[in-house]
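The values are calculated or read from the model by the stated rules, or taken from the named source; none is laboratory data. What you see is a predicted model, and the numbers here were worked out from it, not measured in a lab. Positions of Cβ are backbone-derived with ideal geometry, glycine not excepted, and every protein chain shown enters the neighbour counts. Calculation scope for accessible area: heavy atoms of the full protein, side chains included, ligands and nucleic acids excluded. Shrake-Rupley method; radii C 1.70, N 1.55, O 1.52, S 1.80 Å.
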Amino acid sequence: MTGPGFQPTLGADGIARIRRWHEESYQARKNAPATPRTYHYLGLTLTVPPEVMPITPVSHLLGERVAAEAGPGDRVLDMGTGCGVNAILAARAGADVVAVDTNPFAVRAAVANAERNGVGDRVEVRSGDVYSTVEGSFDLMIFDPPFRWFAPRDLAETATTDENYRAMTEFFVGARSRLTARGRLLIFFGTSGDLGYLRALAEDHGFRVETVATGTATRDEVTVGYHTFLMTPS
C-alpha cells in the first residue's frame with residue numbers, strides 16, 4: 001500500500017463533506033489576521049506563527065498522552081512537529097527528542113518554543129521530509145499527521161493536507177525499522193480524515209492498535225471523532 005495508490009475508504013457523501021469542511025477552514029484561515037498567536041497549554045507557553053498549525057480544542061487528546069508516555073531515558077521522534085508542542089511535552093517528561101518538519105516557519109517556531117519552555121537542550125529540531133534527516137532508533141515516535149489527502153495550495157496548508165497520504169504512508173513503511181525493542185507509536189487522527197486508510201496502514205505494517213484517548217466535536221450536525229492511538233509492533 002503506497003501513497004500514490006491511495007484510494008479513499010469513505011463513501012462519496014463523506015468525501016464531499018470533508019472537502020467542503022476543508023475549503024471552509026482554508027478560507028477562514030486566509031481571512032484571519034496574519035499574526036502570531038500565543039497559547040497557554042498543558043503548562044506550556046507557545047507562540048505559533050500564522051503559517052503553522054495552531055493549538056486546537058482537541059490537541060490535548062494527544063498532548064496528555066505524550067506527557068504520560070514519554071519519560072527519562074526515552075529517545076523520541078516527533079514527526080511533523082509544527083510549533084514543537086509535543087516535542088516539548090516529551091522533553092519536559094525527561095526524554096531526548098528529535099523533532100522534524102518540512103515547514104521552515106515550524107522549524108523556527110519549535111526551536112523558539114523549546115527554548116521558551118526551558119527544554120532547548122533536550123529538543124533537536126531538524127528540517128526534513130519524513131525520515132530524510134532522521135538517524136538511529138527511537139523508543140517513542142509521535143505523529144499528528146495531516147488529516148486530508150488533498151494537494152496543499154500553500155505552505156501553511158501542508159499542516160492539514162498530505163497529497164494521497166504520501167507522507168503518512170512513508171512514515172508507516174519505515175516505522176518498525178526505526179523502533180527500539182520497546183518502541184511504540186502515538187498517532188492522532190480523526191474521522192474528518194480517512195480513518196479507514198490509517199487503520200489499514202497500521203495493519204499492513206504489523207502494528208497492534210489501542211485507542212488511548214477519544215473526543216468528539218459536532219459540525220453541520222455530524223459528529224466527528226478524534227482519537228489518539230498507541231501502536232506497538234505485533
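Structure summary
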{"quantity": "Cross-chain or 6+ apart pairs with Cβ under 7 Å, region 140-166 first and more than 16 Å from THR56 (Cβ to Cβ) and in a helix (DSSP H, G or I), then open to solvent by less than 40 Å² (accessible area, probe 1.4 Å) and among the polar types (S, T, N, Q)", "calculated": "THR158/ASN103"}
{"quantity": "Within region 201-218, tally of residues that are under 20 Å from ILE15 (Cβ atoms) and loosely packed, with under 13 Cβ neighbours inside 10 Å", "calculated": "1"}
{"quantity": "Residues located in region 132-148, provided they are β-branched (Val, Ile, Thr) and in contact with a helix residue (DSSP H, G or I) (Cβ under 8 Å, 6 or more places away or on another chain)", "calculated": "VAL134, ILE142"}
{"quantity": "Hey, ALA213 closer than 25 Å to VAL98 by Cβ, in a helix (DSSP H, G or I), within 16 Å of the chain's Cα centre (by Cα) and of a type in the set (A, V, I, L, M, F, W, C) or not", "calculated": "no"}
{"quantity": "Enumeration of residues in region 141-200 that are buried (at least 20 other Cβ atoms within 10 Å of the Cβ), modelled with pLDDT under 95, small (Gly, Ala, Ser) and farther than 21 Å from THR216 by Cα", "calculated": "ALA156"}
{"quantity": "In region 37-55, residue nearest to TYR226 (Cα to Cα) [restricted to those that are surrounded by 12 or more Cβ atoms within 10 Å (Cβ to Cβ) and out of contact with any helix residue (DSSP H, G or I) (no Cβ under 8 Å at 6 or more places or on another chain)]", "calculated": "PRO54"}
{"quantity": "Unique residue being of a type in the set (Lys, Arg), touching a residue at least 60 places away in the same chain (Cβ under 8 Å) and open to solvent by 60 Å² or more (accessible area, probe 1.4 Å) when the list is ARG75, ARG92, ARG108", "calculated": "ARG75"}
{"quantity": "Single match in ALA16, ALA87 (criterion: crowded, with 16+ Cβ neighbours inside 10 Å and not aromatic (Phe, Trp, Tyr))", "calculated": "ALA87"}
{"quantity": "Failed criterion for TYR41 (all others in (1) out of contact with any Asp or Glu (no Cβ under 8 Å at 6 or more places or on another chain); (2) farther than 23 Å from GLY215 by Cα hold)", "calculated": "(2)"}
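Residues checked against (1) in contact with a Lys or Arg (Cβ under 9 Å, 6 or more places away or on another chain); (2) modelled with pLDDT under 95; (3) within 19 Å of CYS83 (Cα to Cα); (4) not aromatic (Phe, Trp, Tyr):
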residue: ASP13; (1), (2), (3), (4): no, yes, no, yes
residue: ILE18; (1), (2), (3), (4): yes, yes, no, yes
residue: HIS22; (1), (2), (3), (4): yes, yes, no, yes
residue: ALA32; (1), (2), (3), (4): no, yes, yes, yes
residue: THR38; (1), (2), (3), (4): no, no, yes, yes
residue: GLU51; (1), (2), (3), (4): no, yes, yes, yes
residue: ILE55; (1), (2), (3), (4): yes, no, yes, yes
residue: LEU61; (1), (2), (3), (4): no, no, yes, yes
